[in-house]
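J.: The structure is given below, and queries will be raised subsequently.
The values are calculated or read from the model by the stated rules, or taken from the named source; none is laboratory data. Just so it is clear, the structure is predicted and the values come from calculations on it, not from any experiment. Here the Cβ positions follow ideal geometry from the backbone for every residue, glycine too, while neighbour counts run over all protein chains shown.
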Amino acid sequence: MSQPDATAEFVVLGGGISGLSLAWRLAARHPGQVVLLEREPQVGGLAAGIPWHGIPLDLGSHRIHTGFEPGALRTIEQLLAGDLRTRKRRGRILVNSRFLPYPPSLATIGSSFGVRQSLVFCKDFLRARMGKWRNGRDQARFEGYLRDQVGDSLYEFFYRPYAEKLWALPASQISFEPAVARLHRVRRLGPQPNRGFFHYPKGGMGQLAEALRTRITDLGGTVLTGAEATDLSSDEGGVRVVARLAGEDSARTVRAGTCISTLPLRATWRLAGMGAEPLPLRWRSLRVAYLLYAAPLRGDIDTYYFPDPRLRIGRVSSIHRFSPELPEPANRILTIEIPCSQSEDLWTMSDQDLSQIVHHELKATGVMDAGAGDPVEVRTVGLRDVYPVYELGWRECWAAALDRLARVDHLFLAGRAALFLHCNIDHCMTMAQRLATLVEGPLAREKWRAEINGFPFLKLKE
């Protein structure tokens, strides 16, 4: 075997928040002994900043919630120093052809739907909580679980449309785990401290990723961007990763004692030489459209939510409302998220055709005035395998995939993409800190696998 181009105690695959947080924590324990490989030209993964007209655009609507895990929130505050801003949350969700403040509260639901419908919501909810409607319902399904928790009417108005749009499945075919992750929204409809606020980096969400990168390199770690891992093998001495760097003719080899992959599970599967074996898990992808208008956007809403499956748009945000300190033309750009599968026309159609569909729906829903002119420029980004599809039976398939990858010695999986999760930034950072403390201890892989089993129930903040 030829000599490696680099040797280290740890090689981390993927430079999203999970990978960066892991590399930072490990570099603090092993200065100069961590190498991180990231395929894209910038770090951050789904939290990267994508430059357009001098603006670091987010890949969708991202924020740092006041309800984040306290330890992760303190870490973010330290990383961003004085550049973390606190903003009042101004969101709207379109439900039954009307906009409600988001997140909703009992008061806003009552005022929006009127006394009669509100009483129906309350009656259904109380009956469900008292267990009067639980006869014969299958709580292993998203539908049965939530109907038994919140009642039929709240489920039909708020939960079923969103689920069927995101996963493109009837709710009766979706497993219960994502229902558990989202249920806290109903249980927290009452007043909460800081509920109406969020935090955001002055320079966009990519600023957090860059701050992590700086911490890694300050500790002697190596961060290689434009570096796509193409092969992974292991032996008694550790792992060998082959990577191809953008602009270089020959590949580089990294030899390390331990490899931690935060790459999408499908990518790690192929990298470990299992591409010929079927991976019985499915994902939904996301296409993000950025529309630049001639005039500044009106209003003060930062994010609109559209759970209705009849609409192609899913979430619409104005990065200027997140950080007014961003320069022109941030105040003229809308970010639109369109959940889709890679087999759909929405994934493959031209930027111009997609912008026409999006602009029409923005006007039809009232986000843009009926007489608003077409966008003067559009850019789109396609993000593969963003949302795990939690269809019935997924957990058995997931466990089988993890068991198969466990045969690769010295390999750990961590993070949202690698573990088939739909979770927040704080979960990724907390997960990274936990693994960094476990990875060198006795029975590390067994202990980590036990913790992984609880991650699908992490509570989402949206």
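J.: Go through the residues of the stretch 398-405 one by one and say whether even a single one is under 26 Å from residue 273 (Cα atoms), in a loop (DSSP other than H, G, I, E, B), in contact (Cβ under 8 Å) with a residue 24 or more places away in the chain and in the same structural domain as residue 40 (by TED's automatic domain parsing).
T.: No, there is no match, as no residue in the stretch 398-405 is under 26 Å from residue 273 (Cα atoms), in a loop (DSSP other than H, G, I, E, B), in contact (Cβ under 8 Å) with a residue 24 or more places away in the chain and in the same structural domain as residue 40 (by TED's automatic domain parsing).
J.: Would you call residue 86 assigned to a helix (DSSP H, G or I) and either in the same structural domain as residue 334 (by TED's automatic domain parsing) or not charged (D, E, K, R) (or both)? Give the steps one after another, and end with the answer.
T.: On the way: assigned to a helix (DSSP H, G or I): no; either in the same structural domain as residue 334 (by TED's automatic domain parsing) or not charged (D, E, K, R) (or both): yes.
For residue 86, the condition - assigned to a helix (DSSP H, G or I) and either in the same structural domain as residue 334 (by TED's automatic domain parsing) or not charged (D, E, K, R) (or both) - is not met.
J.: Can we say residue 247 is assigned to a loop (DSSP other than H, G, I, E, B), surrounded by fewer than 17 Cβ atoms within 10 Å (Cβ to Cβ) and in contact with a Gly (Cβ under 8 Å, 6 or more places away or on another chain)?
T.: Numbers: assigned to a loop (DSSP other than H, G, I, E, B): yes; surrounded by fewer than 17 Cβ atoms within 10 Å (Cβ to Cβ): yes; in contact with a Gly (Cβ under 8 Å, 6 or more places away or on another chain): yes.
So residue 247 fits the description; yes.
J.: What about residue 118, is it of a type in the set (Ser, Thr, Tyr) and within 31 Å of the chain's Cα centre (by Cα)?
T.: Details: of a type in the set (Ser, Thr, Tyr): yes; within 31 Å of the chain's Cα centre (by Cα): no.
No; evaluated as a whole, the condition is false for this residue.
J.: Do you know which residues across the stretch 160-185 are surrounded by fewer than 18 Cβ atoms within 10 Å (Cβ to Cβ), in a helix (DSSP H, G or I) and free of Cβ contacts under 8 Å to residues at least 40 places away in the same chain?
T.: The answer is 172, and nothing else.
J.: Collect the residues in the stretch 439-462 that are in a helix (DSSP H, G or I) and in contact (Cβ under 8 Å) with a residue 40 or more places away in the chain, keeping them in residue-number order. It would help to see each step written out before you state the result.
T.: The initial filter retains those residues of the stretch 439-462 that are in a helix (DSSP H, G or I), namely 444-452, 455-457.
Selection gives 449, 452, 456, 457.
J.: Starting from the stretch 28-40, take each residue that is outside any loop (DSSP other than H, G, I, E, B) and list its partners that are buried (at least 24 other Cβ atoms within 10 Å of the Cβ) and not aliphatic (A, V, I, L, M), counting only C-beta distances under 7 angstrom and pairs at least six apart or across chains.
T.: Taking only residues 6 or more apart or on different chains, the pairs are 34/10; 34/221; 36/15; 36/19; 36/221; 38/14; 38/15.
J.: Can you list residue pairs whose Cβ atoms sit under 7 Å apart, with the first residue in the stretch 137-159 being modelled with pLDDT under 90 and the second being among the hydroxyl-bearing types (Ser, Thr, Tyr) and surrounded by 20 or more Cβ atoms within 10 Å (Cβ to Cβ)? Count only pairs 6 or more apart in sequence or on different chains.
T.: Once the first residue is modelled with pLDDT under 90 and sits in the stretch 137-159, its partners that are among the hydroxyl-bearing types (Ser, Thr, Tyr) and surrounded by 20 or more Cβ atoms within 10 Å (Cβ to Cβ) give 139/145.
J.: Also: If you check residue 426 against the conditions, is it modelled with pLDDT of 95 or more, part of a loop (DSSP other than H, G, I, E, B) and under 30 Å from residue 316 (Cα atoms)?
T.: Working: modelled with pLDDT of 95 or more: yes; part of a loop (DSSP other than H, G, I, E, B): no; under 30 Å from residue 316 (Cα atoms): yes.
No.
J.: For the stretch 2-36, how many residues meet the condition of being out of contact with any Lys or Arg (no Cβ under 7 Å at 6 or more places or on another chain), of a type in the set (Ser, Thr, Tyr) and crowded, with 18+ Cβ neighbours inside 10 Å?
T.: Total meeting the criteria: 1.
J.: Hey, another quick one. Can you tell me which residue among 352, 356 is in contact (Cβ under 8 Å) with a residue 24 or more places away in the chain and either surrounded by 19 or more Cβ atoms within 10 Å (Cβ to Cβ) or out of contact with any Leu (no Cβ under 7 Å at 6 or more places or on another chain) (or both)?
T.: On the way: 356 fails: in contact (Cβ under 8 Å) with a residue 24 or more places away in the chain.
Just one listed residue meets the conditions, 352.
J.: To continue, here is another question. From the set of residues in the stretch 318-345 that are among the aliphatic types (A, V, I, L, M) and buried (at least 21 other Cβ atoms within 10 Å of the Cβ), which is farthest from residue 301 (Cα to Cα)?
T.: Taking the stretch 318-345 and keeping what is among the aliphatic types (A, V, I, L, M), we get 319, 326, 330, 333-334, 336, 338.
Next, from what is left, pick out any that are buried (at least 21 other Cβ atoms within 10 Å of the Cβ): 319, 330, 333-334, 336, 338.
Values: 319: 10, 330: 14, 333: 13, 334: 11, 336: 14, 338: 19 Å.
Ranking the candidates gives 338 first.
J.: Can you pull out the residues in the stretch 271-311 that are outside any loop (DSSP other than H, G, I, E, B) and under 22 Å from the mean Cα position of the chain (by Cα)? It would help to see each step written out before you state the result.
T.: Within the stretch 271-311, the first condition is being outside any loop (DSSP other than H, G, I, E, B), and the residues that meet it are 271, 283-292, 303-305.
Residues satisfying the conditions are 283, 284, 285, 286, 287, 288, 289, 290, 291, 303, 304, 305.
J.: If you don't mind, another one. Write out, first by first residue and then by second, each pair whose Cβ atoms fall under 6 Å of each other, whose residues are 6+ apart or on separate chains, and whose first residue, in the stretch 419-438, is closer than 17 Å to residue 63 by Cα while the second is polar (S, T, N, Q).
T.: Listed pairs, sorted by first residue: 428/18; 429/21.
J.: Pick from 67, 71: which is outside the structural domain of residue 379 (by TED's automatic domain parsing), surrounded by fewer than 21 Cβ atoms within 10 Å (Cβ to Cβ) and either on the phi > 0 side of the Ramachandran plot or in a loop (DSSP other than H, G, I, E, B) (or both)? Full working, then the answer.
T.: Working: 71 fails: either on the phi > 0 side of the Ramachandran plot or in a loop (DSSP other than H, G, I, E, B) (or both).
Exactly one residue qualifies, and that residue is 67.
J.: Of the residues 412, 420, only one is farther than 30 Å from residue 301 by Cβ and in a strand (DSSP E or B); which? Don't jump to the end; show me each part of the working.
T.: Working: 420 fails: in a strand (DSSP E or B).
Selected residue: 412, the only one of 412, 420 that is farther than 30 Å from residue 301 by Cβ and in a strand (DSSP E or B).
J.: Answer yes if at least one residue in the stretch 428-439 is surrounded by fewer than 15 Cβ atoms within 10 Å (Cβ to Cβ) and in the same structural domain as residue 262 (by TED's automatic domain parsing), and no otherwise.
T.: Taking the stretch 428-439 as the starting set, the residues that turn out to be surrounded by fewer than 15 Cβ atoms within 10 Å (Cβ to Cβ) are 437.
Applying the additional criterion that residues be in the same structural domain as residue 262 (by TED's automatic domain parsing) yields 437.
Among the residues of the stretch 428-439, at least one is surrounded by fewer than 15 Cβ atoms within 10 Å (Cβ to Cβ) and in the same structural domain as residue 262 (by TED's automatic domain parsing), which makes the answer yes.
J.: Under 30 Å from residue 365 (Cβ atoms), surrounded by fewer than 18 Cβ atoms within 10 Å (Cβ to Cβ) and not charged (D, E, K, R): is that true of residue 280 in this structure?
T.: Values: under 30 Å from residue 365 (Cβ atoms): no; surrounded by fewer than 18 Cβ atoms within 10 Å (Cβ to Cβ): yes; not charged (D, E, K, R): yes.
So residue 280 does not fit the description; no.
Here's the yes/no breakdown for (1) modelled with pLDDT under 95; (2) closer than 30 Å to residue 335 by Cβ; (3) crowded, with 16+ Cβ neighbours inside 10 Å:
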| residue | (1), (2), (3) |
| --- | --- |
| 384 | no, yes, no |
| 393 | no, no, no |
| 400 | no, no, no |
| 412 | no, no, yes |
| 419 | no, yes, yes |
| 457 | yes, yes, no |
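J.: Scanning for something on the phi < 0 side of the Ramachandran plot, in a helix (DSSP H, G or I) and not assigned by TED's automatic domain parsing to the domain that holds residue 367, does the stretch 130-138 turn up at least one residue? Even if it seems obvious, please write down each step before you answer.
T.: Narrowing the stretch 130-138 to residues on the phi < 0 side of the Ramachandran plot: 130, 132-135, 137-138.
Cutting the leftovers down to in a helix (DSSP H, G or I) gives us none.
Scanning the stretch 130-138 turns up no residue that is on the phi < 0 side of the Ramachandran plot, in a helix (DSSP H, G or I) and not assigned by TED's automatic domain parsing to the domain that holds residue 367.
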